[in-house]
Amino acid sequence: MVPAGVDAKGWAALVHLASPRADGPLFIVDSMGEVESIKPWLSVDISDPTLAPGNLALVDPVGLRLEDQQQLARWLGEPAPSTSTRFGCVMIVRSPLSDLVSRKCIDESLARRFGSYETNIPPLSDRAEDLRAMILDRVARLGLTLRGEPFATDDAVLDELLNYEWPGNESELESALQLLVQHASESLIHLDDLESIGFGAAAPRAFEPASAPATKVLRPPQRRIARRQR
């Protein structure tokens, strides 16, 4: 389970890289972005030996009809034992899987396919080392992109950002850092710059998440371009 505002696709990529199929492709289907995007996958034979091993990530599958979820569960359960590790699937949800099943947002047959392999991703406020690295990296990159040179924060600003709860997680952080870099008086960001955008220790405010880019739906691999694994 991934909290709202957390980069679900980034975590899907980490799961992919830690899997036995890390050398193969990762295909991401955002079911909320385009409900029809799962349909082409249901006709792919994942036991086909000419299909390169890889992983499929389903982001927010609550956007799928229950009948499509049932068909997907059958599709995931079809490979023979000798090919069952050739293609994997990770499902990204925003609420506990049991709750989604009880509310009939996720079909029980699809939930059973993942068994007990449910993991909760902690919110950004519980990942202090991640937060520090993300702030330093994003401020530098945003400075280059928006202002033509890498930006940095002084220690006081970094402390303020690290001590904030970030209820909107990565989405809120990205929006706040964009605003901060855009309005900073120089490439080294000071407390005055932080306060100028309405962010302060006394009364921090939530920042609206940045507009999400349009989701690019990746289609299933075609057999004519799939390579045979040796």
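The values are calculated or read from the model by the stated rules, or taken from the named source; none is laboratory data. What you are looking at is a predicted structure, and each value in this text was computed from that prediction instead of being measured. Cβ atoms come from the backbone with ideal geometry, glycine included; neighbour counts cover every protein chain shown.
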Matching residues in region 86-120 (surrounded by 18 or more Cβ atoms within 10 Å (Cβ to Cβ) and β-branched (Val, Ile, Thr)) number 4
Of the residues in region 131-163 that are out of contact with any helix residue (DSSP H, G or I) (no Cβ under 7 Å at 6 or more places or on another chain) and acidic (Asp, Glu), the one that is surrounded by the fewest Cβ atoms within 10 Å (Cβ to Cβ) is 155
- Query: Does residue 130 meet the test of being out of contact with any Lys or Arg (no Cβ under 9 Å at 6 or more places or on another chain), under 23 Å from residue 57 (Cα atoms) and either at pLDDT 95 or above or not in a loop (DSSP other than H, G, I, E, B) (or both)?
  - Reply: yes
